[in-house]
Amino acid sequence: MELVKHHMEDDRLRAALNALTRKTFGFDFEGWYAAGGWEGDYLPYSLMDGDQMVANVSVNRMRFLQNGRERRYIQIGTVMTDEAYRRRGLASQLMCAAMDDMRGVCDGFYLFGDLSALGFYDSLGFSRITETRYALRKDVRQAMSERAARREASSRFLPVDREDAAIAARYREALCASVHYSALEHLNRRSLHLFYTRSMKTVRCCPELDAFCVLGREDGETVLQSVLCAQRLPLEDILSRIDTPVDRLGFAPEASDVALFEAQPWDGGEDYRLFILGDDLRTVQTDGLCFPALSHA
(Lines give C-alpha, C1' and ligand atoms only; values in the text may rest on other atoms or scores of the structure.)
Protein backbone atom coordinates (compact mmCIF):
# COMPACT_ATOMS: atom_id res chain seq x y z
CA MET A 1 0.00 0.00 0.00
CA GLU A 2 1.08 3.55 -0.70
CA LEU A 3 0.94 6.39 1.84
CA VAL A 4 -0.18 9.67 0.26
CA LYS A 5 -0.62 12.92 2.17
CA HIS A 6 -1.55 16.61 1.76
CA HIS A 7 -3.32 15.71 -1.48
CA MET A 8 -6.49 17.85 -1.54
CA GLU A 9 -5.34 19.64 -4.71
CA ASP A 10 -4.83 16.34 -6.57
CA ASP A 11 -8.10 15.71 -8.45
CA ARG A 12 -7.64 11.93 -8.61
CA LEU A 13 -6.78 11.51 -4.94
CA ARG A 14 -9.48 13.95 -3.81
CA ALA A 15 -12.02 11.91 -5.79
CA ALA A 16 -10.81 8.77 -3.99
CA LEU A 17 -11.08 10.57 -0.63
CA ASN A 18 -14.62 11.67 -1.50
CA ALA A 19 -15.57 8.11 -2.46
CA LEU A 20 -14.37 6.68 0.87
CA THR A 21 -15.97 9.54 2.82
CA ARG A 22 -19.33 9.01 1.11
CA LYS A 23 -19.14 5.28 1.76
CA THR A 24 -18.22 5.78 5.43
CA PHE A 25 -20.08 8.95 6.50
CA GLY A 26 -22.56 9.72 3.73
CA PHE A 27 -21.10 13.05 2.57
CA ASP A 28 -18.10 14.32 0.62
CA PHE A 29 -15.93 17.43 0.33
CA GLU A 30 -16.30 18.27 -3.35
CA GLY A 31 -18.94 21.00 -3.12
CA TRP A 32 -17.06 22.68 -0.28
CA TYR A 33 -13.77 22.42 -2.17
CA ALA A 34 -15.25 23.71 -5.44
CA ALA A 35 -16.76 26.71 -3.62
CA GLY A 36 -13.36 27.72 -2.26
CA GLY A 37 -13.85 26.38 1.25
CA TRP A 38 -10.52 24.55 1.40
CA GLU A 39 -7.76 26.97 2.40
CA GLY A 40 -4.87 24.63 3.13
CA ASP A 41 -5.45 23.69 6.77
CA TYR A 42 -7.25 20.37 6.11
CA LEU A 43 -4.54 17.81 5.29
CA PRO A 44 -5.47 14.18 4.56
CA TYR A 45 -3.15 11.25 5.25
CA SER A 46 -4.34 8.27 3.23
CA LEU A 47 -3.43 4.72 2.23
CA MET A 48 -4.01 3.64 -1.37
CA ASP A 49 -4.37 0.08 -2.61
CA GLY A 50 -3.95 0.68 -6.32
CA ASP A 51 -6.54 3.28 -7.29
CA GLN A 52 -8.67 2.68 -4.20
CA MET A 53 -8.30 4.72 -1.04
CA VAL A 54 -8.72 2.26 1.82
CA ALA A 55 -7.98 4.34 4.94
CA ASN A 56 -7.66 7.98 5.93
CA VAL A 57 -6.82 10.23 8.87
CA SER A 58 -6.95 13.99 8.36
CA VAL A 59 -5.05 16.75 10.13
CA ASN A 60 -6.84 20.05 10.75
CA ARG A 61 -4.53 22.91 11.68
CA MET A 62 -6.45 25.00 14.22
CA ARG A 63 -5.62 28.41 15.68
CA PHE A 64 -7.45 29.52 18.82
CA LEU A 65 -7.37 32.52 21.10
CA GLN A 66 -7.69 30.76 24.45
CA ASN A 67 -8.39 33.17 27.27
CA GLY A 68 -6.31 35.81 25.50
CA ARG A 69 -3.40 33.56 24.45
CA GLU A 70 -2.99 32.16 20.93
CA ARG A 71 -2.72 28.39 20.73
CA ARG A 72 -2.04 26.19 17.71
CA TYR A 73 -3.66 22.78 17.99
CA ILE A 74 -4.04 19.87 15.62
CA GLN A 75 -7.53 18.41 15.40
CA ILE A 76 -7.64 14.88 14.00
CA GLY A 77 -10.71 14.06 11.92
CA THR A 78 -12.17 11.98 9.06
CA VAL A 79 -10.74 8.80 10.60
CA MET A 80 -12.03 5.97 8.41
CA THR A 81 -11.09 2.58 7.01
CA ASP A 82 -12.88 0.67 4.28
CA GLU A 83 -14.79 -2.28 5.76
CA ALA A 84 -12.74 -4.83 3.80
CA TYR A 85 -9.47 -3.47 5.25
CA ARG A 86 -10.33 -3.09 8.92
CA ARG A 87 -8.45 -4.66 11.85
CA ARG A 88 -5.11 -4.43 10.04
CA GLY A 89 -3.72 -1.46 11.99
CA LEU A 90 -4.10 0.97 9.07
CA ALA A 91 -5.69 3.76 11.12
CA SER A 92 -2.94 3.43 13.74
CA GLN A 93 -0.31 3.69 11.00
CA LEU A 94 -1.87 6.86 9.65
CA MET A 95 -2.36 8.41 13.10
CA CYS A 96 1.32 7.88 13.89
CA ALA A 97 2.42 9.31 10.53
CA ALA A 98 0.28 12.43 10.96
CA MET A 99 1.30 13.03 14.56
CA ASP A 100 5.00 12.50 13.81
CA ASP A 101 4.78 15.20 11.13
CA MET A 102 2.91 17.70 13.31
CA ARG A 103 4.31 17.13 16.80
CA GLY A 104 6.90 19.90 16.61
CA VAL A 105 4.60 22.57 15.18
CA CYS A 106 1.62 22.51 17.54
CA ASP A 107 0.66 22.90 21.20
CA GLY A 108 -1.26 19.62 21.29
CA PHE A 109 -3.59 17.20 19.53
CA TYR A 110 -7.29 16.60 20.05
CA LEU A 111 -10.16 14.73 18.43
CA PHE A 112 -13.81 13.89 18.92
CA GLY A 113 -13.81 10.11 19.09
CA ASP A 114 -16.74 7.92 18.10
CA LEU A 115 -18.08 5.87 21.01
CA SER A 116 -17.27 2.64 19.17
CA ALA A 117 -13.56 3.55 18.99
CA LEU A 118 -12.77 4.74 22.51
CA GLY A 119 -10.29 1.95 23.21
CA PHE A 120 -8.43 2.72 19.99
CA TYR A 121 -7.68 6.30 21.05
CA ASP A 122 -6.86 5.21 24.59
CA SER A 123 -4.26 2.84 23.16
CA LEU A 124 -2.58 5.72 21.30
CA GLY A 125 -1.97 7.62 24.55
CA PHE A 126 -4.82 10.11 24.37
CA SER A 127 -6.67 11.20 27.51
CA ARG A 128 -10.38 12.00 27.82
CA ILE A 129 -11.62 15.32 29.16
CA THR A 130 -15.00 17.00 29.45
CA GLU A 131 -16.10 20.34 28.06
CA THR A 132 -18.56 22.85 29.54
CA ARG A 133 -21.91 23.73 27.98
CA TYR A 134 -23.61 27.07 28.53
CA ALA A 135 -27.43 27.09 28.66
CA LEU A 136 -29.27 30.40 28.77
CA ARG A 137 -30.86 31.05 32.16
CA LYS A 138 -34.65 30.74 31.96
CA ASP A 139 -35.27 34.30 33.12
CA VAL A 140 -32.74 35.66 30.62
CA ARG A 141 -34.20 33.55 27.82
CA GLN A 142 -37.68 34.96 28.52
CA ALA A 143 -36.42 38.53 28.71
CA MET A 144 -34.48 38.20 25.45
CA SER A 145 -37.52 36.76 23.68
CA GLU A 146 -39.71 39.62 24.83
CA ARG A 147 -37.17 42.25 23.79
CA ALA A 148 -36.75 40.66 20.36
CA ALA A 149 -40.51 40.70 19.78
CA ARG A 150 -40.58 44.48 20.33
CA ARG A 151 -37.81 45.28 17.87
CA GLU A 152 -38.24 46.47 14.30
CA ALA A 153 -37.36 43.89 11.66
CA SER A 154 -34.26 45.82 10.57
CA SER A 155 -32.76 45.50 14.06
CA ARG A 156 -33.35 41.73 14.33
CA PHE A 157 -31.41 38.79 12.94
CA LEU A 158 -33.44 37.52 9.98
CA PRO A 159 -32.99 34.54 7.62
CA VAL A 160 -30.91 35.54 4.60
CA ASP A 161 -31.85 35.27 0.95
CA ARG A 162 -29.74 32.27 -0.05
CA GLU A 163 -29.71 33.40 -3.70
CA ASP A 164 -28.31 36.85 -2.86
CA ALA A 165 -24.66 36.85 -3.92
CA ALA A 166 -24.00 40.16 -2.14
CA ILE A 167 -25.18 38.73 1.19
CA ALA A 168 -23.02 35.65 0.69
CA ALA A 169 -20.00 37.86 -0.03
CA ARG A 170 -20.62 39.97 3.08
CA TYR A 171 -20.93 36.80 5.15
CA ARG A 172 -17.57 35.55 3.90
CA GLU A 173 -16.00 38.91 4.75
CA ALA A 174 -17.52 38.81 8.23
CA LEU A 175 -15.90 35.43 8.85
CA CYS A 176 -12.52 37.14 8.63
CA ALA A 177 -13.35 40.47 10.30
CA SER A 178 -15.46 39.65 13.35
CA VAL A 179 -14.65 40.60 16.92
CA HIS A 180 -14.39 37.79 19.48
CA TYR A 181 -17.33 36.35 21.40
CA SER A 182 -15.80 33.15 22.75
CA ALA A 183 -13.29 32.44 25.50
CA LEU A 184 -11.93 29.80 23.10
CA GLU A 185 -12.13 31.73 19.85
CA HIS A 186 -11.48 29.89 16.58
CA LEU A 187 -9.24 32.30 14.67
CA ASN A 188 -8.92 30.50 11.30
CA ARG A 189 -12.65 29.81 11.30
CA ARG A 190 -13.53 30.63 7.70
CA SER A 191 -12.92 27.24 6.11
CA LEU A 192 -14.89 25.15 8.61
CA HIS A 193 -17.67 27.73 8.88
CA LEU A 194 -18.13 27.51 5.13
CA PHE A 195 -18.22 23.71 5.32
CA TYR A 196 -21.15 23.86 7.76
CA THR A 197 -22.97 26.89 6.34
CA ARG A 198 -22.39 26.71 2.57
CA SER A 199 -26.15 26.37 1.97
CA MET A 200 -26.74 29.51 4.15
CA LYS A 201 -29.84 27.83 5.65
CA THR A 202 -28.72 28.44 9.23
CA VAL A 203 -27.29 31.94 8.68
CA ARG A 204 -29.15 35.06 9.80
CA CYS A 205 -28.33 38.71 9.19
CA CYS A 206 -29.09 41.84 11.21
CA PRO A 207 -29.32 44.75 8.71
CA GLU A 208 -28.95 47.43 11.39
CA LEU A 209 -25.63 45.98 12.59
CA ASP A 210 -24.51 44.45 9.28
CA ALA A 211 -23.80 41.40 11.42
CA PHE A 212 -24.49 37.67 11.13
CA CYS A 213 -25.24 34.79 13.43
CA VAL A 214 -25.58 31.04 12.88
CA LEU A 215 -28.44 29.17 14.56
CA GLY A 216 -28.55 25.39 14.77
CA ARG A 217 -30.89 22.75 16.20
CA GLU A 218 -29.49 20.00 18.40
CA ASP A 219 -31.47 17.58 20.55
CA GLY A 220 -34.57 19.75 20.21
CA GLU A 221 -32.75 22.92 21.33
CA THR A 222 -31.93 26.11 19.47
CA VAL A 223 -28.18 26.71 19.63
CA LEU A 224 -26.43 29.99 18.88
CA GLN A 225 -23.40 28.54 17.13
CA SER A 226 -21.63 31.70 15.99
CA VAL A 227 -21.77 35.50 16.13
CA LEU A 228 -20.03 37.56 13.44
CA CYS A 229 -19.98 41.27 14.15
CA ALA A 230 -17.43 43.98 13.32
CA GLN A 231 -18.12 45.91 16.55
CA ARG A 232 -18.18 44.33 19.99
CA LEU A 233 -21.67 44.45 21.49
CA PRO A 234 -22.67 42.70 24.71
CA LEU A 235 -23.85 39.18 23.95
CA GLU A 236 -27.09 40.12 25.72
CA ASP A 237 -27.74 42.69 22.98
CA ILE A 238 -27.11 40.08 20.28
CA LEU A 239 -29.49 37.61 21.95
CA SER A 240 -32.21 40.26 22.21
CA ARG A 241 -32.17 40.60 18.42
CA ILE A 242 -32.88 36.89 17.73
CA ASP A 243 -36.61 36.21 17.57
CA THR A 244 -36.15 32.43 17.87
CA PRO A 245 -35.53 31.86 21.61
CA VAL A 246 -31.99 30.57 22.11
CA ASP A 247 -31.56 27.65 24.52
CA ARG A 248 -27.78 27.50 24.69
CA LEU A 249 -24.50 28.50 23.10
CA GLY A 250 -22.36 26.43 20.78
CA PHE A 251 -19.24 28.08 22.25
CA ALA A 252 -17.93 29.21 25.63
CA PRO A 253 -18.80 32.87 26.38
CA GLU A 254 -16.24 35.44 27.41
CA ALA A 255 -16.10 36.33 31.11
CA SER A 256 -18.21 39.47 30.62
CA ASP A 257 -21.16 37.36 29.39
CA VAL A 258 -20.94 34.30 31.65
CA ALA A 259 -23.61 35.53 34.11
CA LEU A 260 -26.31 35.03 31.44
CA PHE A 261 -25.81 31.26 31.49
CA GLU A 262 -25.89 28.11 33.56
CA ALA A 263 -22.71 26.09 33.05
CA GLN A 264 -22.77 22.31 33.00
CA PRO A 265 -20.06 19.72 32.27
CA TRP A 266 -20.56 17.87 28.98
CA ASP A 267 -18.87 14.60 28.02
CA GLY A 268 -20.29 14.31 24.51
CA GLY A 269 -23.39 12.33 25.45
CA GLU A 270 -24.24 9.62 22.93
CA ASP A 271 -22.22 11.28 20.15
CA TYR A 272 -18.52 11.39 21.08
CA ARG A 273 -15.80 11.74 23.68
CA LEU A 274 -13.17 14.47 23.57
CA PHE A 275 -9.62 13.08 23.51
CA ILE A 276 -6.50 15.20 24.02
CA LEU A 277 -2.74 14.80 23.90
CA GLY A 278 -0.83 17.72 25.42
CA ASP A 279 -0.97 19.53 28.75
CA ASP A 280 -2.15 22.85 27.28
CA LEU A 281 -5.40 21.20 26.24
CA ARG A 282 -6.25 20.15 29.80
CA THR A 283 -7.20 23.76 30.48
CA VAL A 284 -10.25 23.28 28.22
CA GLN A 285 -11.72 21.28 31.11
CA THR A 286 -10.26 23.18 34.05
CA ASP A 287 -11.19 26.61 32.65
CA GLY A 288 -14.76 25.62 31.77
CA LEU A 289 -14.34 25.92 28.00
CA CYS A 290 -15.63 24.08 24.95
CA PHE A 291 -14.56 23.89 21.35
CA PRO A 292 -16.96 25.93 19.20
CA ALA A 293 -19.57 23.76 17.49
CA LEU A 294 -18.55 24.98 14.04
CA SER A 295 -14.89 24.10 14.67
CA HIS A 296 -15.54 20.35 14.89
CA ALA A 297 -13.91 18.50 11.99
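Worth pointing out:
- Taken over segment 101-113, the criterion of being touching a residue at least 12 places away in the same chain (Cβ under 8 Å) and surrounded by fewer than 15 Cβ atoms within 10 Å (Cβ to Cβ) is satisfied by 105 alone.
- Test: residue 257 is acidic (Asp, Glu) and part of a helix (DSSP H, G or I): yes
- Total residues in segment 19-60, condition of a type outside the set (Ser, Thr, Tyr), closer than 20 Å to residue 114 by Cα and part of a helix (DSSP H, G or I): 4
- Close Cβ contacts (under 6 Å, 6 or more residues apart or on different chains) running from residues in segment 69-82 that are touching a residue at least 24 places away in the same chain (Cβ under 8 Å) to residues that are buried (at least 20 other Cβ atoms within 10 Å of the Cβ) and of a type in the set (Val, Ile, Thr) comprise 74/59; 79/57; 82/54.
- Taken over segment 260-281, the criterion of being assigned to a loop (DSSP other than H, G, I, E, B) and touching a Phe, Trp or Tyr at 6+ places or on another chain (Cβ under 9 Å) is satisfied by 268, 271, 272, 278.
- If the condition is being over 21 Å from residue 292 (Cβ atoms) and either assigned to a helix (DSSP H, G or I) or not hydrophobic (A, V, I, L, M, F, W, C) (or both), then segment 109-126 contributes 115, 116, 117, 118, 119, 120, 121, 122, 123, 125.
- Only one entry in 99, 62, 80 is within 29 Å of residue 194 (Cα to Cα) and either modelled with pLDDT under 95 or out of contact with any helix residue (DSSP H, G or I) (no Cβ under 8 Å at 6 or more places or on another chain) (or both), namely 99.
- Qualifying residue in segment 112-120 (condition: over 21 Å from residue 17 (Cβ atoms) and at pLDDT 95 or above): no
- Any hit, segment 80-91, residues being touching a Pro at 6+ places or on another chain (Cβ under 7 Å) and either among the acidic types (Asp, Glu) or assigned to a helix (DSSP H, G or I) (or both): no
- Answer residue from segment 2-18, given it is within 27 Å of residue 168 (Cβ to Cβ) and assigned to a loop (DSSP other than H, G, I, E, B) and is farthest from the chain's Cα centre (by Cα) among those: 9
- When residue 271 is tested against (1) under 18 Å from the mean Cα position of the chain (by Cα); (2) not assigned by TED's automatic domain parsing to the domain that holds residue 108, only condition (2) is not met.
- Annotation: residue 24 fulfils all but one of (1) free of Cβ contacts under 8 Å to residues at least 60 places away in the same chain; (2) under 28 Å from residue 269 (Cβ atoms); (3) in contact with a strand residue (DSSP E or B) (Cβ under 9 Å, 6 or more places away or on another chain); (4) exposed (fewer than 15 other Cβ atoms within 10 Å of the Cβ); the unmet one is (4).
The values are calculated or read from the model by the stated rules, or taken from the named source; none is laboratory data. Just so we're clear, the structure is a prediction, and the values are computed from it rather than from any experiment. Neighbour counts run over all protein chains shown; Cβ positions are idealised from the backbone, glycine included.
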